[in-house]
Structures are given as structure tokens and as C-alpha cells.
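Take a look at the structure below.
The values are calculated or read from the model by the stated rules, or taken from the named source; none is laboratory data. Since this is a predicted model, take the numbers as computed values, not measurements. Note: ideal-geometry Cβ built from the backbone for every residue, glycine included; neighbour counts use all protein chains shown. Heads up: the accessible areas ignore ligands, DNA and RNA and are worked out on the full protein's heavy atoms, side chains in. Shrake-Rupley method; radii C 1.70, N 1.55, O 1.52, S 1.80 Å.
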Amino acid sequence: MAADTVSSSLQLPCVFSPESRQYLALCAQDGRLRIWNTDSKTLHQEYVPSAHLSATCICITWGPCRTVKEGPQRKKRKSEAGQMEEKADLLAMGTAAGSVLIYSTAKGALNCTLDGGHSGGVNCVQWHPEDSLLYSASDDTNIVEWDLQSGKARSKWKADRAAVTSLCVSADGKLLLSAGQVIKMWDLDTKEVYRKFTGHSTAVTTLRFATTRPPKSNGLYFLSGAAHDRLLSVWQVREDGKDKNSVVSFTLTDEPQHIDLIASNSKEEAVRLAVVCKDGQLHLFEHFLNGPCKKPLSPSCTVQMSDTKDSPGPIPLLAAALRVGTQTVLLGYGNHLQPVMEKVEINTAERHVCLTRDVHASLSLSMETAVSKVKTPVVNAKSKVLVPGLPGHQAPIKGTPQGSDKRKKDTDTKEMSIAERLREIDLSTVSVDKGAPKGTASLQTDNFAVLLLQGLESKDANILNKVFQTRKEMVIKKTVARLPLSAVLPLVEELTKRLQGHPFTAVLMVRWLKAVLMHHTSYLASLPDLVTQLGVLYHMIESRVKIFHKLTKLHGKLYLLTTQVATSDSSKSVMDVDHTAKLVYEEESSEEDEASGDEGLPDDGDDSNWEEDEAMEEDKEEDKDDPDSRTDSKANGEEDMERGNESEEE
């Protein structure tokens, strides 16, 4: 049986190891390769490629099982030499950068890297069942045959006009299937096309040989699945060449995500098929391939999983593996970061089976046994835990025998208790005194994650208030980045509660929520019950945004009113200005103007009259002082009047 393969142009790769099904290899959103042991249900190995962020893993494929030397062992007898167990060792990974990585589970490290064969992302990788050969297909429309002993490309040829998305090698290693939208069968000896099939309307994501019979007997069948296609098509390789259309179709509820089958060796043996769809359901088929079938075949059994909550929700299935001769199915479900493996015996007589599981309990159990190797003591209510640095703890603290004063100062700051740390952190004053030691500044930035984690676990409001009151962007980002994944959801729940309070505190909580979404989006997206976890937060933000829209409209209207009032006030102040002139100056006009406009101009005698008026005022003042002079002034006044009359007569 050929090794399992999954192409992840649309989903994340997840593959069980062949034959023994001992390991489950998968690549999550963070680009890391994780290999889980299905027997102990623990994390076996974890590998981070150097370019896991820029060149993510697109497809992974297990190589054929082989005998592996694991460290120094005693010499075995001749009778034991032939009984050496073959294990799954090599794992091929195709990346978006066009390279193929060969990982060894026995070494726990990268075996080799195959570069220079493709100019586009590698969509599918397939092993040769016998020889140390590897085949890879890429977006550059080429297929490359790699020699693993030399680490170089053995041959390369153009397979299609469009990107090649899927490959499959026959059990005897003589035929190769390739597909983009058109399916082609190649003769590996001559590298020429043996058959062509119509294929699907979308990109083919899965190709598998369903039988191991030779093509000359008209008994060779293979199946194919495509993106956005809810049918699995089965094709027959006929000797006469009349095999362009599919002969059997299997109906699904969604596009296929993972396929495992037990091939048929004869006409009397049925093909067993397990298909995990994108909607998280498992469909089991069992059919005898013997010529065409007009009607699409429905699954003999459909398996769904749900949690044990009051309102149960679906648990997505990631992969499934069949066992030969039994009805036992190995299931992988949950999320890609922390999958759960379980062997289940399914009664195929029932058309629909629903399994209920408590995912959180199984996840916590698997993570404790897998990652944490530290034994934690069982603490009851009567026991008292003494922490170094607290009063009552008499254990001497060993110092460094040879070290400088700087090292001693550093050790003193590191060995402070929790209470002393809380006293040292004064979040009301953001600036640090210049005379303060360097340890206080580092204490404020380095220990926020520890304090926040302790506050979330103990639900201590004092610790949480002191941590959440900080306004430094860098401190918030570093604190959130150092939090473990198990504390992300409690932090989001605490932020959600505080966002419902006063708007002043909500402004500070938004900064923390922004940092959480920046650093832990991939983890949150992998949670199966993300909608229920973040539902309250989403509705609260949506309601506040609606009110904000109304407030902005009101703010705009008020701004228009205030500007109009201000402009009207300014115009009134301009209208109140007195426009009467204080002084008017006129130039002397020409003789023609005097002749034409004598009537409108004042007489020349006016100036003399002004002077006379002034003189009269002066005379009056003198008359007040000297009464005898009044008679003279009267005489002068009469003379002035006569003169004025004379001028009027003239």
C-alpha cells in the first residue's frame, strides 16, 4: 500500500504513518512540524524549519517503512537479525519556497534538503515504494524525480500547462499519476504519457490507486478528489483506451480533506475507504470495483463528533486511518496545535454515528504528560507552602563563591519575593528615577508576564489592577508575547469583563486586546469553539461601534452649529463699526471746475468767517474781563455785519 499523502493547498497537512500508524505528523498555522505518538498520545518530536514563516509547509508525506538503527545497541544473534522491526522514519515536506525537506524521526533532525528543482511552491510529494526515489510536483508545471542518495534531481519534465497539484505512484513503482485539472498517467521508465483522463473542473487535490492489479487486465482503478467538489470519482484504466470518463462516484457532504483506503487485490475483495471532509465529518465506504456504476454511491456510515457541553457543538475530525481485518478506526480530532488521537470501533451497520467527547479534559491530560516533565506535588487545604524569600523559610540561599559585585546585585534583585516585587512596582509613576538601580527598570518589564499569569490563575484583583494600569506600549507587547498559550483565553475573558466597565478603563483594555490579537491570532484561530469564546466580546464591540457612529454624526452637527454661530458673531462685530470720517481733505480744483460748479462749492468768505468767529470769541473773553470794551466790540460787530451784507449783495 502506498504511503499516505495530503496536499494542503486548501487545508493544513495531517498524515498518519504507514502500516503501524504509530505516529501522526501535522503542520500547524505556526509552520512547525509536530509528530505525535498515537499509542501514548503524547508529543513525540517537534521541528521548526529555519524558514517556517516565509516558506510554510504545504504538503507532507511519510516514506516507506525501513529498519532504523537507534543509538548503540548490543549485538543481536542471527535468529534475531531477521526479526528486526521496520519503522516509519523519513518524512518529506514540500515548502512554498520550492524546496523539499527530508526529516528523520530516528535522528530527530533534518536529514537533507533538496533545492534547485522548482521555481514555485511544491504542492505534492510522493515516494517510490522500492527505490530511494522521490517525486515532487510544483506550481511551475514540472515534475522532478529526486535521487535521495545523491540529493540531486535525477530527471525533470513538464507535466501540464497549469500547476500540478497532486501525485500518486503505483504499488509496483511503474506508473505515476499527476493532475492539475487534467489527470495524466505516466510510464516512469520512459517518462511518457500512458493515459489521459478528463479530470475535474477545479484543481485536483487527491489521487490514490484503489487496486493493485495490472492495467492489462482492465482491473486497475484509481480515485480522485478536487477542491470545491463533493464527489470522489473512480477511474478505470482499460486496455482499449476507452477510459476518459469516471466509472463510479462517491457522494460527500463537503470537499475531501484526508483520504485513507485499503486497496483491493482481486475482484472478490472490496475497497474500504475512509474520507474526512472539510466540514469535519467522516464517511466510510465499502465497494466492489467491477465495471461502471451509474448512480453515485452514498457512504455506508457517517461519523460525527460533538462535545459534552449543555449546548453541544461539533468537534472537527482531522484524519482517520483504517485497520486491516477489523472495524477499528484511528481518529485524530480537535485542532492542529493539540490534536487528540483515539482508536474507535465503529458499527458500520448504523448509517449515522455521533461520538461525544470532552476535548478539554483530554487536551489537558495529553499536554501534562507530553510537555511538562516536572512532577508537581499534590497540595491540600491543610498543607503550607513556603516560598524562598518569605518569612518562615529558613533554608540558606547559596551565593556565588567567585563573582563581582555586579553579579551579586543581580542575584539580589532576582531573589525578591512576590510581595516585594509588588511593592517595587509603582505603576502610577511611569518614569523611573535616575538614581534608582537598574534592577527596578528590568523588574517592571521582565516580571509583568509572571505577575499577570499569577493574577489570572488566582483571580486576584489587586495584581490585575496593577498590571493593567500600565500605559507603555512596549511593556504591554512584551508581556503578552511571553504569556503561555494556556493563559491567552483567560486573559481575553478578563479583558472582556473590564471592557464592559467605565470607558476610561476600556481605553487601557483596548491596548491589551490589540497586543493579544497581534501575537496570538494563530492560536485563537485554531480553537474549535472560538465563536462561543469571543461571542460576548464581538457583540460588545459591535454595539459600541454602532453608538460611536451615532456620536460622530452628532459631533459633526454640533461642529457645524458652533462654526455658524461663531461666523455670525464675527459678522455682527464687523457691522457695528462707525463709518463716519473724522477728517475730509479736498484738493483745490481748477478754474473750469469753479466756473461749472460754483453753486455746489463753499464761498471763499467762509474761511474769513471762521477766523472772525474765533476773533469774536476772543473778544467776548476780553469783555468779561473789561466791561468798557464791550461798546467797541459792538461797533466792530456792526461793521462786520455790514461787510457780510455787502458780500451777499455782490
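Of note:
- Of C65, C354, C59, the order by accessible heavy-atom surface (1.4 Å probe, DNA, RNA and ligands excluded), from most exposed downward, is C354, C65, C59.
- Estimated distance in nm for a label pair at R154 and L554, the labels positioned 7 Å out from Cα along Cα-to-Cβ: 7.6
- Accessible area, probe 1.4 Å, largest first, for residues K557, K242, K156, K294: K294, K242, K557, K156
- Sequentially through the range 508-523, phi angles give Karplus couplings (6.51, -1.76, 1.60; θ = phi - 60°) of 5, 5, 5, 5, 5, 5, 5, 5, 5, 5, 6, 8, 10, 5, 5, 5 Hz, Gly and Pro residues having no value and appearing as x.
- In this simple spin-label model, placing a label point 7 Å from the Cα along the Cα-to-Cβ direction at both E473 and L517 gives a separation of 1.6 nm.
- Between T562 and V510, the FRET efficiency from the beta-carbon distance, with R0 = 22 Å, is close to 0.15.
- Were the residues from E19 through T251 laid out at 0.36 nm apart, the gain over their Cα-Cα distance would be 80.8 nm.
- For H352, the solvent-accessible surface computed with a 1.4 Å probe is close to 100 Å², ligands and nucleic acids excluded.
- Cα gyration tensor category, rounded, prolate or oblate, for the range 250-319 with a/c compared to 1.5: prolate
- The range 279-309 residues near the modelled V531 label - backbone nitrogen below 17 Å, point 7 Å along Cα→Cβ: 279-281, 305-309
- Three-way shape label, the range 125-238, alpha-carbon gyration tensor, a/c 1.5: oblate
- Unsatisfied cross-links (Cα-Cα over 27 Å) in the set K196/K294; K174/K267; K107/K184; K497/K550; K41/K278: K107/K184
- In this structure, V344 and I541 have a Cβ-Cβ separation that, at R0 = 41 Å, corresponds to a calculated FRET efficiency of about 0.50.
- The phi torsions of the range 183-195, fed into the Karplus equation with coefficients 6.51, -1.76 and 1.60 and a -60° offset, translate into couplings of 8, 10, 10, 10, 8, 5, 6, 9, 6, 10, 6, 8, 8 Hz, rounded to whole numbers, with Gly and Pro shown as x.
- Between the range 507-580 and the range 146-219, the alpha-carbon center distance in angstrom: 58
- Long pairs among K477/K514; K514/K557; K156/K191, criterion Cα-Cα beyond 21 Å: K514/K557
- Spacing of the modelled spin labels on S119 and T202, each 7 Å from Cα toward Cβ, amounts to 2.9 nm.
- Whether the range 458-568 is rounded, prolate or oblate, judged on the alpha carbon gyration tensor where a/c under 1.5 counts as rounded: prolate
- Loop sites in the range 240-318: GluC sites (Glu not before Pro), DSSP, at most 11 other Cβ within 10 Å: E268
- Amide H within-cut-off set for S166, under 5 Å, with H built and near neighbours excluded: A179
- Rounded to the nearest Hz, the phi-derived 3J(HN,Hα) couplings of the range 564-571 under the Karplus curve 6.51 cos²θ - 1.76 cosθ + 1.60 (θ = phi - 60°) are 5, 4, 5, 5, 5, 5, 5, 5, where x marks glycine and proline.
- A Förster distance of 22 Å, applied to the separation of the beta-carbon atoms of V48 and S311, puts the FRET efficiency at 0.05.
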